[in-house]
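A.B. asks: Quick one: this structure, given as structure tokens, is what I'll be asking you about.
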Amino acid sequence: MQGFRTLLFKEILRFWKVWFQTILAPLISTLLYLLVFAQVMAGRPTLYPGVTYGAFLIPGLVMMSMLQNAFANTSSSLVQSKVTGNLVFILLTPLSTWEFYWAYVLAAVVRGVLVGSVVWLTAWFFFELPLAHGLWLAIFTLLATIMAGSLGILAGIWAEKFDQMAVWQNFVILPLTFLSGAFYSIHALPPFWAQMTRFNPFFYAIDGFRYGLLGVGDVSPWTSLFVVGTTGLALSWLTLAVLRSGWRLRT
Amino acid sequence: MQPAIEIQHLRKSFGSMQALKGVSLQVPQGDFFALLGPNGAGKTTLINALAGLSRPDSGVLRLMGHDVLKDYRAARRSVGVVPQELVFDPFFTVRETLRIQSGYFGLRHNDDWIDDILFNLQLADKAEANMRTLSGGMKRRVLIAQALVHRPPVIVLDEPTAGVDVELRQSLWKFIQRLNQKEGHTILLTTHYLDEAEALCRRVAILKQGQIVAMDELHHLLQSYHSDSLEEVFVAILHQDESVRGP
Ligand SMILES: Nc1ncnc2c1ncn2[C@@H]1O[C@H](COP(=O)(O)OP(=O)(O)O)[C@@H](O)[C@H]1O
Ligand SMILES: [Mg+2]
């Protein structure tokens, strides 16, 4: 237990020491999205009565930043440790794959929640934000950051260089977050893209989270719970199996 | 008494290259053992298998009686490994690095021992320095300190003196010798400096192209070659081996 706690603490300390890049930078870029989109779209009706575009956008942006930062935390930590070689300090210890997995993933959850919270708090100064269903909000926050954190571990194990990480960012994370209904309701999309979005687990994370905050969503929160939950479970299982095999970690 | 290190028929290949071709060796508890051999002989590969950093193709490895795969937790608690590569975590100070390493092994309040190690490795004044700011020789000594935080009965050092200047090398060896003689730690080391091995070790094994070609107590080895220099013996063994085992 102490070993697990130390690794969790070390992973949190690692991003905390560079909070400028890991908390402040994502906060600013997310607020820029909010500023630009809320300005451009101001006054346009949303599909939900009584919900302004700004209010619609904020939960999408908060969840998007949580997903991206949870992914970034595990993946960049692992790639850095592999490239610099200091992962041996962990591999030489009696830590089990379970402890390794949960320490990395929980640190990703913490980073995601921290970034999400500062985005939400800042937005709260400018927009009136309800809090419809706190429990749904917490559930989707937790499940989505676990899902993205696991994906980050897989990416970090797979990548052997920093530029291979860019492949993930550009071809997996970016399309998934932009085709996720963060900026618009999928009912506003042409049928093909609306259909594509329905295959994207990030969409359900965002839609469920929006339901928790605003009380409205494109699909039922139960559907979202099912998709995000099973995706999270599948990714956790896969990550643990890969860790256990030692693939690309223990030669 | 159980051997500190026990390796049976260890094989490891990288693609078609056989790095270890069935190596067996035993190191009794309290021994000071040198694993020698030219570059690429397989010394680091052997140490990595022992440390659990790499998976052997076949063979059995035990540390203080614990199988390194089946009983990895106990095996890893039994050993402190100083890797050959000069690696460090640039996010942390020396003390943070050592506290974190202690924590991985379940040790919370380890500062007395950490201070003791830092003092003996002449790093006390660098305790609060960030790892990035240290010289190569200092980083190497932090690596040694990291391997010692959990007071492992077996200490494995893969070329620990590479890049460390002469004076520090002396004090470093004094410390390792003290750990061996006063506190009974078993030492396995690889080094390029044969005079160091000669001055320190009780037993040596010579590895060549993945096979052990000589293994004996140092003074026996010198005696049987009528020599008083390990370097002479080393060269003789590597050549003799060529003529005897030729295709
Ligand atoms: N990860 C690896 N992939 C491929 N070949 C390797 C790897 N590690 C070691 N080798 C090869 O195995 C042989 C033994 O290497 P090593 O154990 O590092 O030798 P030593 O430590 O005795 O100098 C060398 O030929 C080396 O090139
Ligand atoms: Mg080597």
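FYI, it's all coordinate maths here, none of it is from the lab. What you see is a predicted model, and the numbers here were worked out from it, not measured in a lab. Using ideal geometry, Cβ is built from the backbone for each residue, glycine included, and neighbour counts are taken over all protein chains shown.
A.B. asks: So if each residue of separation counts as 0.36 nm, and I subtract the Cα-Cα distance between B:ASN39 and B:ALA74, what length gain in nm does that give? Please list the in-between numbers first.
C.D. replies: On the way: separation 35, 0.36 × 35 = 12.60 nm, distance 3.12 nm.
Taking 0.36 nm per residue and subtracting the Cα distance, the gain is 9.5 nm.
A.B. asks: Hey, got the Cα dimensions of chain B along the principal axes, in Å, largest first?
C.D. replies: Taking the Cα atoms of chain B, the three principal extents are 56, 41, 37 Å.
A.B. asks: Could you state the per residue volume, in Å³, of the convex hull enclosing the Cα atoms of the range A:47-170?
C.D. replies: It comes to 120 Å³ per residue, whole-number rounded.
A.B. asks: For the range A:88-119 and the range B:79-149, what is the separation of their C-alpha centers, rounded to whole Å?
C.D. replies: Cα centres, the range A:88-119 to the range B:79-149: 22 Å.
A.B. asks: Which of B:SER78, B:VAL164, B:ASN120 sits closest to the plus end of the dipole of the range B:61-167, meaning its Cα is farthest towards the positive end, when Lys and Arg get +1 and Asp and Glu get -1 on the C-beta?
C.D. replies: Of B:SER78, B:VAL164, B:ASN120, it is B:SER78.
A.B. asks: Take every residue in peptide A:80-89, count the Cβ atoms of other chains within 10 Å of its Cβ, and give the average of those counts.
C.D. replies: Average per residue, whole number: 5.
A.B. asks: Each label point is 7 Å from the Cα along the Cα-to-Cβ direction; what then is the distance between the points at B:ASP57 and A:LEU238, in nm?
C.D. replies: About 3.1 nm, to one decimal.
A.B. asks: Let me ask another. Per-residue counts of other Cβ atoms within 10 Å, averaged by peptide: what ranking do you get for A:50-58, B:204-212, highest first?
C.D. replies: My ranking of the peptides, most packed first, is B:204-212, A:50-58.
A.B. asks: Taking +1 at the Cβ of each Lys and Arg and -1 at the Cβ of each Asp and Glu, which of A:LEU32, B:VAL60, A:SER81 sits farthest along the dipole of the protein assembly as shown towards its positive end, judged by Cα position relative to the Cα centre?
C.D. replies: Among A:LEU32, B:VAL60, A:SER81, the one farthest towards the positive end of the dipole of the protein assembly as shown is A:LEU32.
A.B. asks: Here's a follow-up. Can you return the aspartates and glutamates within cross-link range of B:LYS70? Criterion is Cα-Cα under 19 Å, with same-chain partners fewer than 8 residues away left out.
C.D. replies: A:GLU99, B:GLU6, B:ASP57
A.B. asks: How many percent of all Cα-Cα pairs in the protein assembly as shown sit more than 31 Å apart?
C.D. replies: Tail fraction, whole percent: 52.
A.B. asks: At a 10 angstrom cut-off on C-beta neighbours, averaged per residue, how do the peptides B:126-136, A:175-185 rank from highest to lowest?
C.D. replies: A:175-185, B:126-136
A.B. asks: Going by the alpha-carbon gyration tensor, a ≥ b ≥ c the square roots of its eigenvalues, is the range B:1-78 rounded (a/c under 1.5) or, if a/c is not under 1.5, prolate (a/b greater than b/c) versus oblate?
C.D. replies: Here the range B:1-78 falls in the oblate category.
A.B. asks: Ok, one more. Can you show me the helix-derived [θ] at 222 nm for chain A, built from DSSP H runs with n ≥ 4 at -39,500 (n - 2.57) apiece and divided by the number of residues, rounded to the nearest 500.
C.D. replies: Counting only the DSSP helices, I get -24000 deg cm²/dmol.
A.B. asks: For the pairs B:LYS21/B:LYS43; A:LYS161/B:LYS139; A:LYS17/A:LYS161, flag any whose C-alpha to C-alpha distance is greater than 19 Å.
C.D. replies: Checking Cα-Cα distances, A:LYS161/B:LYS139; A:LYS17/A:LYS161 exceed 19 Å.
A.B. asks: Report, please, the projected area of chain A averaged over directions, based on the convex hull of its C-alpha atoms, in nm². Each step should come with its number before you reach the end.
C.D. replies: On the way: hull surface 53.9 nm².
The directionally averaged projection comes out at 13.5 nm².
A.B. asks: Please compute the average number of Cβ atoms from other chains found within 10 Å of each residue's Cβ in peptide B:78-89.
C.D. replies: Partner Cβ neighbours, averaged per residue: 3.
A.B. asks: Ranked highest first by average number of other Cβ atoms within 10 Å, how do A:1-10, A:97-106, A:242-251 line up?
C.D. replies: Result, highest mean Cβ count within 10 Å first: A:97-106, A:1-10, A:242-251.
A.B. asks: Check the straight Cα-Cα distances from B:LYS174 and name the lysines below 17 Å, setting aside those fewer than 8 residues away within the same chain.
C.D. replies: Excluding near neighbours in sequence, the set is B:LYS182.
A.B. asks: 222 nm [θ] for chain B, helices only, -39500 (n - 2.57) per DSSP H run of 4+, per residue, to 500?
C.D. replies: Helix contribution divided over all residues of chain B: -11500 deg cm²/dmol.
A.B. asks: With a point put 7 Å past each Cα toward its Cβ, work out how far A:PHE9 is from B:ALA199 in nm, to one decimal.
C.D. replies: Distance between label points: 3.9 nm.
A.B. asks: Report, as an integer, the average count of C-beta atoms from other chains found within 10 Å of each Cβ along A:1-9.
C.D. replies: Taking the mean over all residues of the peptide, I get 4.
A.B. asks: Now for a separate question. Between B:GLU128 and A:TRP247, what is the spin-label point distance in nm, taking each point 7 Å from the Cα along the Cα→C-beta axis?
C.D. replies: Distance between label points: 4.6 nm.
A.B. asks: Which Cα, out of B:GLN101, B:LEU200, B:GLN181, lies furthest along the positive dipole direction of the range B:95-247 (beta carbon charges, K/R +1, D/E -1)?
C.D. replies: In the range B:95-247, that residue is B:GLN101.
A.B. asks: Treating the beta-carbon of each Lys and Arg as +1 and of each Asp and Glu as -1, no other charges, what is the dipole magnitude of the protein assembly as shown about its Cα centre, to the nearest 20 debye?
C.D. replies: Value, rounded to 20: 1100 debye.
A.B. asks: Also, quick follow-up: Any idea what diffusion coefficient the range A:152-204 gets from Stokes-Einstein, in µm²/s, Kirkwood Rh on alpha carbon pairs, 20 °C, 1.002 mPa s?
C.D. replies: Estimated via Stokes-Einstein, D reaches 176 µm²/s.
A.B. asks: Here's something else I'd like to know. Compactness ratio of the range A:1-89: Cα Rg over 2.2 N^0.38 Å, N = residue count? Please report the intermediate quantities before stating the final value.
C.D. replies: Working: Rg = 18.3 Å, N = 89, 2.2 N^0.38 = 12.1 Å.
Normalised Cα radius of gyration, the range A:1-89: 1.51.
A.B. asks: Determine, from the Cβ-Cβ distance of A:GLN195 and A:ALA138 and an R0 of 45 Å, the FRET efficiency 1/(1 + (r/R0)^6), rounded to the nearest 0.05.
C.D. replies: Computed FRET efficiency for A:GLN195 and A:ALA138: 0.90.
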